[in-house]
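Worksheet for the structure shown next.
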Amino acid sequence: MKTRLLHDTSEDITEAAHIIKEGGLVAFPTETVYGLGADALNADAVEKIYEAKGRPSDNPTIVHISAESDMHRLTTSVTDDMKVLMRRFWPGPMTMICPRKETVPDVTTGNLDTVGIRMPSNPIARELIFRSGCPIAAPSANLSGRPSPTTAQHVIDDLDGRIDAIIQSEPCEVGIESTVIDMTGEIPMILRPGIITQEQFEEALGRSILLDPTLNRPPRPGDDIHPKAPGMKYKHYAPKAEMIIFQGSRENVAAAIDAERMEREELGQRVSVIEFNEEEEKIAAHEIFARLREADKEDADVILAAALPQKGVGFSVMNRMLRSAGFNVRNV
Ligand code: TXA
Ligand code: MG
């Protein structure tokens, strides 16, 4: 298949919307990462997303909308809590898991009786959804298992020749995927951490919420039986290189990375180091996936990464780093 490389012009967005309406696949920018979109209510179209990504079919997609009124096409109930969060965090990097309406195809939700819904803030994404006239199912626009794409080039690298079109635009602002919050239980629970943190949800709702307790620790037997966000159970965000995360005091981590680097270089290996300033968690979020992809492009044999403190956005970035490294952590 020849993939059309479109631009973020009004004309090209109209063209992309036409492709979506006809049941095709279009990669498009959002504020978090690039998404791979199809008409969420067209089962055949969504099926093609799984094929293009090589994605397991029990992993549900997030459905993107451009107006609050679109909620009613997807979910049977909009609770007061949902309304509070919608007003506060939409449009933006929040996905709410809601009870699913029957009109949403099984393939879109991975056979679950819930549906993940998000209204992105990126104006090109909003315009594309609006002009398509349908909600758009969109996972991240990467090959399954690879780091999420935060530039148009990342999408081209993974999906050129596998999808109908790519809308090429600016690099994504946020850099990690939306916070996924389950709104179907008595107490809302974060299933995937993102740039919107637990503290911000608690402040908006005026009460405590839950954080999936299996996040940020290696999987244990039993965890995988009923994973709450099925996507979290797969090998994820993985660079080709081996990756080690060093955790400890700043000085110990710096010394351990230096020592490891020298040892590896003596063995003739290519080493890539990822260190972020602890105070600049948002920059770390913005850069992490691009850095993992750069290491691959440089043919690194090993990536040595410094852990971030696991609070606030640092927790969310570490969530991605731990999965990229397959939980290969060295305490120093
Ligand atoms: O920022 C984002 O959310 C990006 C952009 C494109 O919007 N999308 C994204 O989609 O990251 P994806 O498919 O790569 O990740 C979706 C995550 C997975 O972990 C999936 O299991 C979870 O959301 N999810 C989706 N629907 C769900 C549902 N009904 N119940 C539980 N988890 C769900
Ligand atoms: Mg993904």
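Of (1) more than 17 Å from the chain's Cα centre (by Cα); (2) surrounded by fewer than 20 Cβ atoms within 10 Å (Cβ to Cβ); (3) touching a residue at least 24 places away in the same chain (Cβ under 8 Å), residue 305 satisfies all except one. Which?
Single failed check for residue 305: (2).
Within the range 271-284, is there a residue that is open to solvent by 20 Å² or more (accessible area, probe 1.4 Å) and in contact with a Lys or Arg (Cβ under 6 Å, 6 or more places away or on another chain)?
Within the range 271-284, the subset open to solvent by 20 Å² or more (accessible area, probe 1.4 Å) is 271, 273, 275-283.
Restricting the remaining residues to those that are in contact with a Lys or Arg (Cβ under 6 Å, 6 or more places away or on another chain) gives 271.
Yes, the range 271-284 contains at least one residue that is open to solvent by 20 Å² or more (accessible area, probe 1.4 Å) and in contact with a Lys or Arg (Cβ under 6 Å, 6 or more places away or on another chain).
Modelled with pLDDT of 95 or more, open to solvent by less than 80 Å² (accessible area, probe 1.4 Å) and more than 27 Å from residue 98 (Cβ to Cβ): does that describe residue 262? Step through it out loud before you land on a result.
Working: modelled with pLDDT of 95 or more: yes; open to solvent by less than 80 Å² (accessible area, probe 1.4 Å): no; more than 27 Å from residue 98 (Cβ to Cβ): yes.
So residue 262 does not fit the description; no.
Name every residue in the range 68-92 that is in contact with a Lys or Arg (Cβ under 7 Å, 6 or more places away or on another chain), open to solvent by less than 40 Å² (accessible area, probe 1.4 Å) and over 16 Å from residue 181 (Cα atoms), in order of residue number.
74, the sole residue that qualifies.
Just to be sure I understand the filter: pairs with C-beta atoms under 6 Å, separated by 6 or more residues or on different chains, first member in the range 39-68 and within 18 Å of residue 114 (Cβ to Cβ), second member hydroxyl-bearing (Ser, Thr, Tyr) and at pLDDT 95 or above. Which pairs pass?
Matching pairs, first to second residue: 40/108; 46/108; 57/50; 60/109; 61/108; 62/95.
Among the listed residues 294, 298, 287, identify the single one that is open to solvent by 10 Å² or more (accessible area, probe 1.4 Å), without any contact (Cβ under 8 Å) to a residue 40 or more places away in the chain and closer than 25 Å to residue 31 by Cα.
Values: 298 fails: closer than 25 Å to residue 31 by Cα; 287 fails: without any contact (Cβ under 8 Å) to a residue 40 or more places away in the chain.
Within the list 294, 298, 287, the selection yields 294.
The values are calculated or read from the model by the stated rules, or taken from the named source; none is laboratory data. This one's a predicted model, so the numbers in the text were calculated from it and none came from an experiment. Backbone-built Cβ (ideal geometry, glycine too); neighbour counts: all protein chains shown. Side chains are part of the model used for accessible areas, which takes the heavy atoms of the whole protein and leaves out ligands, DNA and RNA. Shrake-Rupley method; radii C 1.70, N 1.55, O 1.52, S 1.80 Å.
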